[in-house]
1. Starting from the Cα coordinates of the chain, work out the convex hull volume and express it per residue in Å³.
2. In nm, give the distance between the simple-model label positions of VAL9 and GLU75, each being 7 Å from the Cα along the Cα-to-Cβ direction.
3. Show that you can apply the helix-only estimate: for the chain, add -39,500 (n - 2.57) for every DSSP H stretch of four or more residues, divide by all residues, and state [θ] at 222 nm to the nearest 500.
4. Mind listing the long-range amide H neighbours of PHE73? Cut-off is under 5 Å, sequence gap 5 or more, other chains count too, H placed in the peptide plane at 1.01 Å from N.
5. How many nm is it between the label spots at LEU168 and TYR42, if each spot is 7 Å from the Cα in line with the beta carbon?
6. Which aspartates and glutamates have a Cα less than 20 Å from the Cα of LYS17, not counting those fewer than 8 places away in the same chain?
7. My understanding is that a pair violates if its Cα-Cα distance is over 22 Å; which of LYS84/LYS114; LYS59/LYS110; LYS110/LYS179; LYS84/LYS179; LYS114/LYS143; LYS84/LYS169 do that in this structure?
8. Pull up all non-local amide H partners of TYR42: gap of 5 or more, or a different chain, and H-to-H distance under 5 Å with H placed in the peptide plane.
Amino acid sequence: MPSICQSAVAIYGEQIKIIRHDVNLGYGAALRSGFSTARHEYIFFTDSDGQFRFDDLEKFLLYIETCDMVIGFRELRRDPWFRKTNSRIGNLLARAMLGVKVRDINCAYKLFRKSLLSTLPLRSEGALINTEILAFAARRGWKHVELPVPHYPRRFGNPTGANFWVILKTFKEYFDLRKRIHQIEAE
């Protein structure tokens, strides 16, 4: 992946900034690093494992003028059944425990207003960052639009979301996040 990024910098120059962690700190940490160094009015993120294309970004940009965030949902999810099952359980937990009411929390195709995203006290290091963002957004009354995006089978990387210990850790993180949100609201 570094060679692809270096090629992009060679083509686009200062429009691209490479952010690296010397050690893998997790998905959430990677996103938080990107959010904190973003320089423009909007922040868009998607995964680089081949599951999404950039084709729908233009459509998302049409909607961001009328809301605070545009959230993708996988119109036909191309994941194994166990990942779909884990996702359904996560969506139900987020809905029941945190008030997150979106179709597909972990769809990695989202566009935000930087001015709002930068106000969130994000801490998640793993995949729970999507839930964390949306839980705080729901509590703050952010308006959102949900749009379908095509989803493709993963072409790169190794998924870790179905690992028993990752699932167990995620359950704990849901309870920790709920507790932290209530503490922040009580202040």
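1. Numbers: hull volume 24.2 nm³, N = 187.
Looking at the chain, the number lands at 129 Å³ per residue.
2. 3.7
3. Numbers: 7 runs with 85 residues, N = 187.
Taking each H run of at least 4 residues, the total per residue is -14000 deg cm²/dmol.
4. Answer set, sorted by chain and number: LEU147, VAL149.
5. Here the modelled spin labels are 4.2 nm apart.
6. GLU41, ASP47, ASP49
7. Numbers: LYS84/LYS114 30 Å; LYS59/LYS110 12 Å; LYS110/LYS179 26 Å; LYS84/LYS179 27 Å; LYS114/LYS143 14 Å; LYS84/LYS169 18 Å.
Flagged as over cut-off: LYS84/LYS114; LYS110/LYS179; LYS84/LYS179.
8. LYS114
Values in this text are rule-based calculations from the coordinates and carry no lab data. Computed from a predicted model, the values in this text were never measured in an experiment. All Cβ positions, glycine included, derive from the backbone under ideal geometry; neighbour counts span all protein chains shown.
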